[in-house]
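Asks: Just dropping this structure here.
The values are calculated or read from the model by the stated rules, or taken from the named source; none is laboratory data. Given the structure is predicted, the values throughout are model-derived calculations rather than measurements. Backbone-built Cβ (ideal geometry, glycine too); neighbour counts: all protein chains shown.
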């Protein structure tokens, strides 16, 4: 079973969100997502300053098996992106919730965090896919 | 090894010298090169051995079963190649006047007519030079149609998630926004989701039928009704035309534009990047927009149709009219088959797929859509094998090479986990299909007792398992002489250390 930390929020499209306080969140893709994609060879990051709405395409993760769009789990403005993934996309595989983070976003609608899944609800989503 | 590595100063090959060519004498001296060009210096025997060895490394339809799903790797009859190489065809200059090109023009006119008839469309243009260009042409015409009507609001193209993988890219290339339509659990387009998605912004839908799931879209008439009613047009991706050739026609299903991959369905050599041929056929609404040139016939004379005849044409896609040599091969193939032969193509392509699917199921493999009849191809999922034995679809694919079969398409379509997409084509015998089933069963047996061994395959090929991750992360496509080469690249090409 993949790792699904209790303190994070999740989207059904396999992104995680960490509330950093001050209306800022860090986001990335889940351990389950990196496991299904396999070894990543390329990550296309969103642009700093880009404004996002829920469900917007915000980048692409590409493995030797497949390319998959990243969908924004929240609305807001991109403050910072993880440039190191350009050279080391494998960080998403080895440490999806740490060094493999993708972007930091300033929330425009903070209450959207409550609409995201908690760890238990996301576990159910991931388990259903693994059957 | 590349041929430059055989090069030694002073060696030459008499067989590869050009005689009778005069040097161009009137070039300004400042444009003449001073150093000799870097060409390999090898003897005739070295050149012959080098290229013969390379050809022996081919894993090709001429040497092996090649069930690469979605690619239609069928046998290319030698007659097509021989006849397309007749001097009257290859020596014709593309700028020769129509009066000197009547034979060639007539062949192309007849090919247009045959493709019209077999797809049920009103008119065909042969000029697109590949499948991707055919797709581009189709969507560019749909765009031109809406613009010509002053209907500038139609900016969205619907693409079912079982469509051919290139479709969304084509729609974006033509300036549209893509809206994905989900597939229901038995592999048909979700009609309710389609109804909810159409509207005044719908430019059209791109559909592959049979879809990449290897099943025939049973609701196609309903889909055509819904999209047309909303004011959109229907684009047929011809990727899987082999399954229906001569049996049913996109024109009868309600499609407005069709592209055909002649290099697949009409059996011209393909793989390795072409050349291809992607003609388009259209219904009445899109006729004015077809790309030129096309061939027309008036009182027994054949001539080119150009922009003068078709002022609303989307224009030209190449300097002349597509890959003429490939079009000739397809024309000869169609003549060899005849109308009835075309129908046999689809019947045997689907029979072979159905036989192979049934035999694999009897051996205990899981079909992705067990309740549906396969068309010309079908999907098995190895998720059980991956979970229980730790041997993936990729491991099966690699091990098949050791058994003398090209691997099926792996991990596509994305909708099915651990999948192999298998397309035997109509040109294989039952014995070959049985050998393939036996190989699959043997690999599973090996996986139960020696999983590590299967995970290390292949063992009998000139190159062992590639480290595809490292190859993708450190892409290096250029050969350099040893003294110029950078530090040795990581050992891409050697067996992965498990």
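Asks: Any idea which of (1) part of a strand (DSSP E or B); (2) crowded, with 16+ Cβ neighbours inside 10 Å; (3) over 27 Å from the mean Cα position of the chain (by Cα) is the one residue B:310 doesn't satisfy?
Replies: If we test residue B:310 against (1) part of a strand (DSSP E or B); (2) crowded, with 16+ Cβ neighbours inside 10 Å; (3) over 27 Å from the mean Cα position of the chain (by Cα), just (1) comes out false.
Asks: While we're here: Name the strands (runs of 3 or more DSSP E) wholly inside the range A:1-94 in which the number of residues that are away from chain B (no Cβ under 12 Å) is 3 or more.
Replies: Values: elements: A:15-19, A:24-29, A:40-44, A:57-63, A:67-71, A:76-81.
Qualifying strands (runs of 3 or more DSSP E): A:15-19, A:24-29, A:57-63, A:76-81.
Asks: Considering only residues that are crowded, with 17+ Cβ neighbours inside 10 Å and touching a strand residue (DSSP E or B) at 6+ places or on another chain (Cβ under 8 Å), look in the range B:434-488 and name the one that is modelled with the lowest pLDDT.
Replies: B:473
Asks: Across the range A:51-64, which residue is modelled with the lowest pLDDT among those that are under 14 Å from residue A:93 (Cβ atoms) and in contact with a helix residue (DSSP H, G or I) (Cβ under 7 Å, 6 or more places away or on another chain)?
Replies: Result: A:64.
Asks: Residues of the range B:405-419 being away from chain A (no Cβ under 13 Å) and in a strand (DSSP E or B), which ones?
Replies: If the condition is that a residue be away from chain A (no Cβ under 13 Å) and in a strand (DSSP E or B), then B:405 is the only one that fits.
Asks: Sticking with this structure for a sec: Could you say which residue among B:263, B:201, B:164 is at negative phi, assigned by TED's automatic domain parsing to the domain that holds residue B:133 and at pLDDT 95 or above?
Replies: None of the others qualify; the one that does is B:201.
Asks: Go through B:275, B:288 for me and flag whichever is in contact with a helix residue (DSSP H, G or I) (Cβ under 6 Å, 6 or more places away or on another chain) and in contact (Cβ under 8 Å) with a residue 12 or more places away in the chain.
Replies: Testing whether each residue is in contact with a helix residue (DSSP H, G or I) (Cβ under 6 Å, 6 or more places away or on another chain) and in contact (Cβ under 8 Å) with a residue 12 or more places away in the chain leaves just B:275.
Asks: Within the range B:49-88, restricting attention to residues that are in contact (Cβ under 8 Å) with a residue 60 or more places away in the chain and touching a helix residue (DSSP H, G or I) at 6+ places or on another chain (Cβ under 6 Å), which residue is farthest from residue B:270 (Cα to Cα)?
Replies: This residue is B:83.
Asks: Would you check if there is a residue in the range B:121-130 being assigned by TED's automatic domain parsing to the domain that holds residue B:279, surrounded by 11 or more Cβ atoms within 10 Å (Cβ to Cβ) and under 25 Å from residue B:348 (Cα atoms)?
Replies: Step one: list which residues in the range B:121-130 are assigned by TED's automatic domain parsing to the domain that holds residue B:279, which gives B:121-130.
From what is left, the residues that are surrounded by 11 or more Cβ atoms within 10 Å (Cβ to Cβ) are B:121-130.
Now drop any that are not under 25 Å from residue B:348 (Cα atoms), which leaves B:121.
Scanning the range B:121-130 turns up at least one residue that is assigned by TED's automatic domain parsing to the domain that holds residue B:279, surrounded by 11 or more Cβ atoms within 10 Å (Cβ to Cβ) and under 25 Å from residue B:348 (Cα atoms).
Asks: Can you tell me which of (1) assigned to a helix (DSSP H, G or I); (2) modelled with pLDDT under 95 is the one residue B:138 doesn't meet?
Replies: Residue B:138 satisfies all of (1) assigned to a helix (DSSP H, G or I); (2) modelled with pLDDT under 95 except (2).
Asks: Residue by residue through the range B:420-432, note down the ones that are under 16 Å from residue B:401 (Cα atoms) and surrounded by fewer than 20 Cβ atoms within 10 Å (Cβ to Cβ).
Replies: B:432
Asks: Quickly run through the range A:93-114 and pick out the residues that are more than 14 Å from the chain's Cα centre (by Cα) and under 21 Å from residue A:59 (Cβ atoms).
Replies: A:94, A:106, A:107, A:108, A:109, A:112 - these are the residues of the range A:93-114 that are more than 14 Å from the chain's Cα centre (by Cα) and under 21 Å from residue A:59 (Cβ atoms).
Asks: So for the range B:58-65 (the condition being touching a strand residue (DSSP E or B) at 6+ places or on another chain (Cβ under 8 Å) and closer than 27 Å to residue B:260 by Cα), does at least one residue qualify?
Replies: Yes: the range B:58-65 contains one or more residues that are touching a strand residue (DSSP E or B) at 6+ places or on another chain (Cβ under 8 Å) and closer than 27 Å to residue B:260 by Cα.
Asks: Looking at (1) under 17 Å from residue B:469 (Cβ atoms); (2) surrounded by 19 or more Cβ atoms within 10 Å (Cβ to Cβ); (3) out of contact with any strand residue (DSSP E or B) (no Cβ under 8 Å at 6 or more places or on another chain), which is the one condition that is false for residue A:89?
Replies: Condition not satisfied by residue A:89: (3).
Asks: So which residues in the range B:366-402 are farther than 18 Å from residue B:413 by Cα and crowded, with 20+ Cβ neighbours inside 10 Å, if there are any at all?
Replies: Passing the criteria: B:385, B:391, B:398, B:399, B:400.
Asks: Any residue that is more than 23 Å from residue B:270 (Cα to Cα) and in a loop (DSSP other than H, G, I, E, B) - is there at least one of those in the range B:392-402?
Replies: Let us first name the residues in the range B:392-402 that are more than 23 Å from residue B:270 (Cα to Cα), namely B:392-396, B:399, B:402.
Retained after the next criterion (residues that are in a loop (DSSP other than H, G, I, E, B)): B:392.
Yes.
Asks: May I ask you to list the residues in the range B:285-302 that are surrounded by 14 or more Cβ atoms within 10 Å (Cβ to Cβ) and part of a strand (DSSP E or B)?
Replies: B:294, B:295, B:296, B:297, B:302
Asks: Taking residue B:135 as the residue in question, decide whether it is touching a helix residue (DSSP H, G or I) at 6+ places or on another chain (Cβ under 6 Å) and buried (at least 17 other Cβ atoms within 10 Å of the Cβ).
Replies: yes
Asks: Residues of the range A:95-114 being farther than 30 Å from residue B:474 by Cβ, touching a residue at least 12 places away in the same chain (Cβ under 8 Å) and not in a loop (DSSP other than H, G, I, E, B), which ones? So that I can check it myself, show each step before the final result.
Replies: In the first step, residues of the range A:95-114 are kept if they are farther than 30 Å from residue B:474 by Cβ; the result is A:105-114.
Subset that is touching a residue at least 12 places away in the same chain (Cβ under 8 Å): A:105-110, A:112-113.
Residues satisfying the conditions are A:105, A:106, A:107, A:110, A:112, A:113.
Asks: Among the numbered criteria (1) over 19 Å from the mean Cα position of the chain (by Cα); (2) farther than 17 Å from residue B:314 by Cβ; (3) in contact (Cβ under 8 Å) with a residue 12 or more places away in the chain, which one does residue B:184 miss?
Replies: (3)
Asks: Go through the range B:63-103 and give me each residue that's over 27 Å from residue B:319 (Cα atoms) and loosely packed, with under 12 Cβ neighbours inside 10 Å.
Replies: B:78
Asks: Residues B:387, B:398, B:445: which one is free of Cβ contacts under 8 Å to residues at least 12 places away in the same chain and either within 26 Å of residue A:36 (Cβ to Cβ) or within 14 Å of chain A (Cβ to nearest Cβ) (or both)? Spell out how you get there, then give the answer.
Replies: Numbers: B:398 fails: free of Cβ contacts under 8 Å to residues at least 12 places away in the same chain; B:445 fails: either within 26 Å of residue A:36 (Cβ to Cβ) or within 14 Å of chain A (Cβ to nearest Cβ) (or both).
Being free of Cβ contacts under 8 Å to residues at least 12 places away in the same chain and either within 26 Å of residue A:36 (Cβ to Cβ) or within 14 Å of chain A (Cβ to nearest Cβ) (or both) holds for just one of B:387, B:398, B:445, which is B:387.
Asks: Do you know which residues across the range B:157-182 are outside any loop (DSSP other than H, G, I, E, B) and buried (at least 21 other Cβ atoms within 10 Å of the Cβ)?
Replies: Taking the range B:157-182 first, the residues outside any loop (DSSP other than H, G, I, E, B) are B:157-160, B:167-173, B:177-181.
Across the range B:157-182, the qualifying residues are B:157, B:158, B:159, B:160, B:167, B:170, B:171, B:181.
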